[in-house]
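First comes the structure, then the notes that go with it.
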Amino acid sequence: MSAIFKSPRHARAIRAAYAAALSHWPAGHRRVTVQTRHGATHVIVCGPEHAPPVVLIHGAQTTAASWQHHAADWSTHFRLYAIDVIGEAGPSAPARPPLAGDAYAQWLDDVLDGLQVSRAAFVGISLGARTALDFALRRPPRVTRLALLCPSGIGRQKPFLWWALPLLLLGDAGRACVRRCVLGRLPPASTPAERDALALIRAIDRGFRPRIEPVPVFDDTMLRTLSMPVLAIVGGRDVMLDSRDTRDRLTRLVPHAQVRFLPEQPHFIRGQRDTLRTFLSSTDTLDMPHRIVQAAGSRVLVRDPSAGLVQRESDALDLVALAHEHEADWIAVAADMLHDDFYRLDSGLAGAVLQKLTNYGVRLGVVGDIDRRLARSEALRALVRECNRGKSVWFVPSEDDLLRRLDA
């Protein structure tokens, strides 16, 4: 028996409750198993095959079946992939690699590759939101949009277990008290689907061993690199996480993020299905004038000079986000639209901008005459020579020269 269940009897009860809950999913859903480096991973798939892909990642002590209410609505708009996280109560492998490090990003790489999904929007809840956020930070080209419900890993973690563990020793009554604190007061289960969902929650409460390791918090530097559209929804009555801290850090470090603070909501946030669907359906891109040009096997995003100067690291991240939105391999920027500090190498701006683009797999063409600048700096001349010998950054006289070189 896996150590994540208290006994074989409890494991069987959870599996039976899972099957009952899953019976209420939309017609036509499929259950698939993907092999990963951390073991078999169970995924529920539904929705039109060619609709925009959305990956759903549940929180701790729950399963992919918990997305049933959302799937009933969203599966008419999206191709949904509800993943049972490894080491949790669903039918995926019991592996629990450390939350710190690259293990969960590698696992999701394997899952997406097995599903033949190159890029997708991600929706995560609680620890699942942290898993989605970690993947977005480590693999930004694979995440088109990121929706986070009560995400851990951003705000301060409250000392929840200190008072919850004694209650859990009191049996069903204690577990029900903890459940009310986390989920809020749920309305009575009035339909078979609601009754089976509640039965699964109770079976997991009775028979599953939760992970108790501290949840690592992302530092400021990492959060600042988020480039895709982000929606975060947090509740003011969350007993597990400091939602005000989450709100404040995201507002400060990810200024393009939409952050909704709901003061009366607990950790389990209800009533956001339509808000999330609207966010996932949005085709809005960053407000940056541009056009797309095809050159041989490359797709080039040409930034319009009216977009203003590139003068901060955050401008480079905006370029990355726009390139990923349009699946562009190259970005062409007019030489005059790079701030003077870009050409003063001791300022560090050129290194920061080029490093950001390189890290995220986007290549840069600097288009225009920079002879006047080259004449003043041997270091800049050396940088340009080195870049033009490579394949990631080119300095060229004109857009036509860039396209000809790409076609060669």
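Odds and ends about this structure:
- Long-range amide H partners of Arg145 with built H, under 5 Å: Ala121, Phe122
- Estimated from the Cβ-Cβ distance and a Förster radius of 41 angstrom, the FRET efficiency linking Arg404 and Glu264 is about 0.10.
- Between the C-alpha center of the stretch 102-119 and that of the stretch 369-392 there is a gap of 39 Å.
- Estimated 222 nm signal from helices in the chain, with DSSP H stretches of n ≥ 4 weighted -39500 (n - 2.57), rounded to 500: -12000 deg cm²/dmol
- Neighbour-count order for Asp220, Asp341, fewest beta carbons within 10 angstrom listed first: Asp220, Asp341
- Net length gained if the chain between Ala296 and Arg15 were fully extended (0.36 nm per residue, minus Cα distance): 96.0 nm
- The simple Förster model, with R0 at 25 Å and r as the Cβ-Cβ distance, assigns Thr251 and Asp274 a FRET efficiency of 0.60.
- Annotation: amide H of Phe395 within the under-5 Å range of Val366, Asn388, sequence separation 5 or more or interchain, hydrogens built in the peptide plane.
- Inter-probe distance in nm under a simple model that places probes 7 Å from Cα toward Cβ, at Ala352 and Arg206: 5.7
- Largest-first principal axis extents of the Cα set of the chain (Å): 78, 41, 36
- Positive-end ranking of Leu380, Cys46, Met240 along the dipole of the chain, with charges on Cβ about the Cα centre, is headed by Met240.
- Scalar couplings 3J(HN,Hα) for the stretch 205-219, obtained by applying the Karplus form with A = 6.51, B = -1.76, C = 1.60 to θ = phi - 60°, are 4, 7, x, 10, 9, x, 6, 10, 5, x, 8, x, 9, 6, 7 Hz; x denotes Gly and Pro.
- Label-zone membership for the stretch 319-348, site Leu309, 7 angstrom Cα→C-beta point, backbone N under 19 Å: 319, 333-348
- 5 angstrom amide H check on Arg299, placed H, neighbours 5+ away: Asp329, Trp330
- Pairwise FRET efficiency - Lys6 versus Asp329, Cβ, R0 = 35 Å, nearest 0.05: 0.10
- Dipole check for the chain: with +1 at the C-beta of Lys and Arg, -1 at the C-beta of Asp and Glu, and the Cα centre as origin, the magnitude is about 1640 Debye.
- Each residue of the stretch 257-265 is assigned a 3J(HN,Hα), and the resulting list reads 6, 8, 10, 10, 9, 10, x, 9, 8 Hz, derived from the Karplus form 6.51 cos²θ - 1.76 cosθ + 1.60 (θ = phi - 60°), x at Gly and Pro.
Quick note: the coordinates plus some simple rules give every number you see, no bench work behind them. The structure displayed is predicted, hence computed values, not measured ones. As a convention, Cβ positions derive from the backbone with ideal geometry for all residues, glycine included, and neighbour counts pool all protein chains shown.
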